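**Student:** Sharing a structure with you now.
The values are calculated or read from the model by the stated rules, or taken from the named source; none is laboratory data. Every value quoted in this text rests on a predicted model; they were computed, and no experiment measured them. Positions of Cβ are generated from backbone atoms using ideal geometry, with glycine treated the same way; all protein chains shown enter the neighbour counts. Protein only, heavy atoms only, side chains kept; ligands, DNA and RNA dropped before computing areas. Shrake-Rupley method; radii C 1.70, N 1.55, O 1.52, S 1.80 Å.
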There are 2 protein chains.
Amino acid sequence: MGKLYVIGIGPGGIEHMSIRAKEAIEESEIIVGYTRYIEFIKPILDGKKIFSTGMMGEEERCKEALRLCKDSTVAVISTGDSGIYGMAGLILELRKDEEVEVIPGITASSAAGSIVGAPLMHDSCNISLSDLMTPYELIKKRVRLAAEGDFVISLYNPRSKGRSEYLKENLDSIREYRTGDTPVALVKNALRDGQEVTISTLDTFDYEKADMLSIVIIGNSQSYIKDGYFVTPRGYKL
Amino acid sequence: MGKLYVIGIGPGGIEHMSIRAKEAIEESEIIVGYTRYIEFIKPILDGKKIFSTGMMGEEERCKEALRLCKDSTVAVISTGDSGIYGMAGLILELRKDEEVEVIPGITASSAAGSIVGAPLMHDSCNISLSDLMTPYELIKKRVRLAAEGDFVISLYNPRSKGRSEYLKENLDSIREYRTGDTPVALVKNALRDGQEVTISTLDTFDYEKADMLSIVIIGNSQSYIKDGYFVTPRGYKL
């Protein structure tokens, strides 16, 4: 009888992976994942069987993993946290009686936040701007309500070719509740090769730089920039 | 010249800490933290100087860490992610010219989510119910707007003796937007000694069980329980 691990590998490199995630990958005979993410962890995959597919192959990968884990120890990997826009949900939706263990990881907003300072120190939310599986009206509604509630907002999948205007539209909507000097961080490839960081404001933000490998973090009304760090105060009276 | 690491150690045990966090602790000469959290990582603290204080000693700890790091390599530790209700914000608010590196960790909602299944698979938010530094009116407003936006909601610091009714009041407010069968997970001591898990619904949730060591996760309108797992669908048409 086999077992299925659903593993969040964190931002990409081995070093920000949890010790438990690394051990579970080492213990697994078969690794299932998106081709690009498999590359990230190549140094610890020696001698293992790999089942990888391209983007949009999620359902195929999950079904194959659930089939394979009947006889083998299998790891399905996601970047970030497997439970946050990762593979844990689909695996559990498709699961019948297989033994599944979800192993968490550092999600992209945490990784991006740590690079620019401490933007997520107060109440915050994660919103994906991808409308492949979510109606765009619902996405816009969530952004508006998060802005009204003065949440720090982390936007996942902020911009792709098919919806290049969504990011601008939603930052315009946030602008109705925040001043133009509100800090905005754009982090591409957070904590992995190719990392690029831009800290700007709602007034000066450059939409063109954002893509599907980026996270955009918008501060709340109390956030500020200090010596290059993006800080959201927790509320200590200093 | 010294250096200051601000480290999120994850849920508590060594195994869910990132490899980078563990290495930075091993490299540090002095470890600064809340007494209880220092205990969690005792196995890797041999021979190091420790500066620890009790709850509410955050400002004192941060000032001491910033003083000590002028001559030594110092690690300030938080559980979870140091940038999410952790010590990174206060350190950066108090920092003058010290060299600071923030190292992220697995935050409590990720840890709790992984234990109960995949509740955080769609847009979600973190809200702390502690009103020590945030007006309660703002907390309630955020919970209401998050409920209206159909966010999955993770409540940090859900209940303490001084505000035993806040949790019930806020779940009642969420009830105005969700049905009584909406899944609710209560996870105490997620992924560390003393872990306790209860999966219930808005109708059957037992407020008395929640405390300051717990995380409460409330599903969105699409969340459901399947074979004991709490799943929020991402939106795949299966």
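**Student:** Taking the Cα centre of each part, how many Å lie between region A:215-238 and region A:132-173?
**Tutor:** 21
**Student:** Nearest 20 debye, what's the magnitude of the dipole of region A:123-238 about its Cα centre given +1 on Lys and Arg Cβ and -1 on Asp and Glu Cβ?
**Tutor:** Numbers: 16 positive and 17 negative charges, 51 e Å.
Dipole magnitude for region A:123-238 comes out near 240 debye.
**Student:** Give me the three principal axis extents of region A:109-231 from the C-alpha atoms, as integers in angstrom, largest value leading.
**Tutor:** On the principal axes, region A:109-231 reaches 39, 34, 23 Å in Cα extent.
**Student:** Another question about this same structure. Taking 2.2 N^0.38 Å as the expected size of a compact globular protein, what ratio does the Cα radius of gyration of region B:3-106 give against it, to two decimals?
**Tutor:** Taking the Cα Rg and dividing by 2.2 N^0.38 Å, one obtains 0.92.
**Student:** Net charge near B:L191, counting Lys/Arg +1 and Asp/Glu -1 over other residues with Cβ under 15 Å of its Cβ?
**Tutor:** Numbers: positive: A:R20, B:K188, B:R192; negative: A:E23, A:D81, A:E101, B:E15, B:D81, B:D193, B:E196.
Charge balance in the 15 Å sphere: -4.
**Student:** Quick one: if you stick a label point 7 Å off each Cα along the C-beta vector at B:L138 and A:M56, how many nm between them?
**Tutor:** Output for this residue pair reads 4.4 nm.
**Student:** Additional query: Given charges of +1 on the Cβ of Lys and Arg and -1 on the Cβ of Asp and Glu, with all other atoms neutral, how large is the dipole of chain B about its Cα centre, in debye to the nearest 20?
**Tutor:** About 160 debye.
**Student:** Under 5 Å between amide hydrogens, which residues at least 5 positions from B:T182 or on another chain qualify, with H placed 1.01 Å from N in the peptide plane?
**Tutor:** Residues meeting the amide H criterion: B:L202, B:D203.
**Student:** Express as a percent, rounded to the nearest 5, the fraction of DSSP beta bridges in chain A (both residues included) that run antiparallel. Could you put the intermediate results ahead of the total?
**Tutor:** Working: 18 of 43 bridges.
Roughly 40 percent of the beta bridges in chain A run antiparallel, per DSSP.
**Student:** What share of the DSSP beta bridges in the protein assembly as shown is antiparallel, in percent to the nearest 5?
**Tutor:** 45
**Student:** Grab the beta carbon distance between B:K237 and A:R36, set R0 = 30 Å, and tell me the FRET efficiency rounded to 0.05.
**Tutor:** Efficiency at R0 = 30 Å is approximately 0.80.
**Student:** Rounded to the nearest 10 Å², what accessible area does A:S200 have for a 1.4 Å probe in the complete protein model?
**Tutor:** Here the residue's solvent-accessible area equals roughly 20 Å².
**Student:** Keeping every protein chain present and rolling a 1.4 Å probe, give me the accessible area per residue for chain B in Å².
**Tutor:** With all protein chains present, chain B gives 39 Å² per residue.
**Student:** Is region A:51-156 rounded, prolate or oblate when judged by the Cα gyration tensor, a ≥ b ≥ c being the square roots of its eigenvalues, rounded requiring a/c under 1.5 and prolate requiring a/b larger than b/c?
**Tutor:** Values: a/c = 2.68, a/b = 1.83, b/c = 1.46.
In terms of gyration-tensor shape, prolate.
**Student:** Hey, got a sec? Which chymotrypsin sites (Phe, Trp or Tyr not before Pro) in region A:1-85 land in a DSSP loop and have at most 14 other Cβ atoms within 10 Å? Working shown, then result.
**Tutor:** Numbers: sites: A:Y5, A:Y34, A:Y37, A:F40, A:F51, A:Y85; in loops: A:Y85.
Those that pass, being in a loop and sparsely packed, number zero.
**Student:** Please arrange A:K3, B:K168, A:K49 by accessible surface area, largest first, computed with a 1.4 Å probe and ligands excluded.
**Tutor:** Working: A:K3 40, B:K168 80, A:K49 140 Å².
Most to least solvent-accessible, the answer reads A:K49, B:K168, A:K3.
**Student:** To continue, here is another question. List the residues whose amide H sits under 5 Å from the amide H of A:C69, counting only those 5 or more places along or on another chain, with H placed 1.01 Å from N in the peptide plane.
**Tutor:** Sorted by chain and number, the residues that satisfy this come to none at all.
**Student:** Is the shape of region A:46-107 best called rounded, prolate or oblate, per the rule: a/c under 1.5 gives rounded, else a/b larger than b/c gives prolate, else oblate, with a ≥ b ≥ c the square roots of the Cα gyration tensor eigenvalues? Intermediate results must be reported in sequence, preceding the final value.
**Tutor:** On the way: a/c = 1.32, a/b = 1.17, b/c = 1.13.
Because its axes are fairly even, with a/c under 1.5, region A:46-107 counts as rounded.
**Student:** Cα-based Rg (one decimal) and Dmax (whole number) for region B:161-238, in Å?
**Tutor:** 13.4, 46
**Student:** Note every residue of region A:182-230 with a reduction of at least 10 square angstrom in accessible area, all protein chains present versus the isolated chain, computed with a 1.4 Å probe, or write none.
**Tutor:** A:Y224, A:K226, A:D227, A:Y229
**Student:** Carbon and sulfur atoms: what percent of the 1.4 Å accessible area of the protein assembly as shown do they account for?
**Tutor:** On the way: 8730 of 18360 Å².
Whole-percent figure for carbon plus sulfur exposure: 48.
**Student:** Can you give the three extents of the C-alpha atoms in the protein assembly as shown along their principal axes, from longest to shortest, in whole Å?
**Tutor:** Between the extreme Cα coordinates on each principal axis of the protein assembly as shown lie 56, 50, 49 Å.
**Student:** Which of the cysteines in chain B are isolated, no other cysteine C-beta under 4.7 Å?
**Tutor:** B:C62, B:C69
**Student:** Can you list which of the trypsin sites (Lys or Arg not before Pro) found in region B:169-238 are DSSP loop residues with at most 12 other C-beta atoms within 10 Å?
**Tutor:** On the way: sites: B:R175, B:R178, B:K188, B:R192, B:K209, B:K226, B:R234, B:K237; in loops: B:R178, B:R192, B:R234, B:K237.
Those that pass, being in a loop and sparsely packed, are B:K237.
**Student:** If you don't mind, there's one more thing I want to ask. Using a 1.4 Å probe, how large is the accessible area of B:T53, given in Å² and rounded to the nearest 10?
**Tutor:** The value for B:T53 is about 20 Å².
**Student:** For region B:109-231, what proportion of DSSP beta bridges, expressed in % and rounded to the nearest 5, is antiparallel? Provide the component values of the computation, followed by the final result.
**Tutor:** Values: 17 of 24 bridges.
Of those bridges, close to 70 percent are antiparallel.
**Student:** Report the longest stretch of chain B that contains none of the GluC sites (Glu not before Pro) sitting in a DSSP loop with at most 13 other Cβ atoms within 10 Å. Provide the component values of the computation, followed by the final result.
**Tutor:** Values: sites that count: B:E99, B:E165, B:E176.
Between the exposed loop sites, the longest stretch runs B:1-98.
**Student:** Then there's this: Can you show me the helix-derived [θ] at 222 nm for the protein assembly as shown, built from DSSP H runs with n ≥ 4 at -39,500 (n - 2.57) apiece and divided by the number of residues, rounded to the nearest 500. Let's see the in-between values first.
**Tutor:** Working: 14 runs with 130 residues, N = 476.
Computed mean residue ellipticity for the protein assembly as shown: -8000 deg cm²/dmol.
**Student:** Once you treat every alpha carbon in chain A as an equal point and sum by Debye, what is log10 I(q)/I(0) at q = 0.11, 0.14 Å⁻¹?
**Tutor:** Taken in order of the listed q values, log10 I(q)/I(0) reads -0.60, -0.90.
**Student:** Answer with one residue from A:V32, A:M55, A:V102: the one whose Cα lies farthest towards the positive end of the charge dipole of region A:3-106, charges on Cβ with Lys, Arg +1 and Asp, Glu -1.
**Tutor:** A:M55
**Student:** Nearest 100 Å² is fine: how much accessible area is buried between A and B, summed over both sides, with a 1.4 Å probe? Don't jump to the answer; show the numbers that get you there.
**Tutor:** Values: alone 12330 and 12280 Å², together 18360 Å².
Separately minus together, A and B give about 6300 Å² buried.
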